[in-house]
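Written below as structure tokens is the structure these notes are about.
The values are calculated or read from the model by the stated rules, or taken from the named source; none is laboratory data. Only a predicted model underlies this, so the values are computations on that prediction, with no experimental measurement involved. Note that we place each Cβ from the backbone using ideal geometry, even for glycine, and neighbour counts take in every protein chain shown.
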């Protein structure tokens with residue numbers, strides 16, 4: 001399963017995507033993060049070693065996303081799970097949608 005998060009608050013222009021990419025890579029997760037035109041940040045992450053929803057890496061990433069980098073002010077994080085439809089090999093920063 002793929003973890004999908006949408007993060008709201010002051011999360012653009014504060015190094016959120018790059019910090020998320022660095023943290024996700026440190027956990028060994030693959031996927032992507034991007035800014036959304038509504039001011040939020042969206043990400044999809046996959047633990048290739050344990051793709052089940054009980055992976056501790058998913059919980060660690062969620063906890064981190066609730067805080068974000070130093071200058072972020074996270075108001076809320078929406079979480080859902082998606083079927084894996086892409087095969088990622090890295091954690092990337094994508095263009096804004």
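For residues in the range 71-88 being in a loop (DSSP other than H, G, I, E, B) and at pLDDT 95 or above, which is surrounded by the most Cβ atoms within 10 Å (Cβ to Cβ)? Result: 72.
For the range 35-63, enumerate the residues that are within 9 Å of the chain's Cα centre (by Cα) and surrounded by fewer than 17 Cβ atoms within 10 Å (Cβ to Cβ). Please lay out each step first, then the result.
Taking the range 35-63 as the starting set, the residues that turn out to be within 9 Å of the chain's Cα centre (by Cα) are 41-45, 61-62.
Passing the criteria: only 62.
Residues in the range 1-19 that are under 15 Å from residue 73 (Cα atoms), crowded, with 20+ Cβ neighbours inside 10 Å and either touching a residue at least 60 places away in the same chain (Cβ under 8 Å) or over 10 Å from the mean Cα position of the chain (by Cα) (or both): 7, 11, 17. Go over the candidates 63, 87, 54 one by one and state the one that is within 17 Å of residue 11 (Cβ to Cβ) and free of Cβ contacts under 8 Å to residues at least 12 places away in the same chain. Exactly one of 63, 87, 54 is within 17 Å of residue 11 (Cβ to Cβ) and free of Cβ contacts under 8 Å to residues at least 12 places away in the same chain, namely 63.
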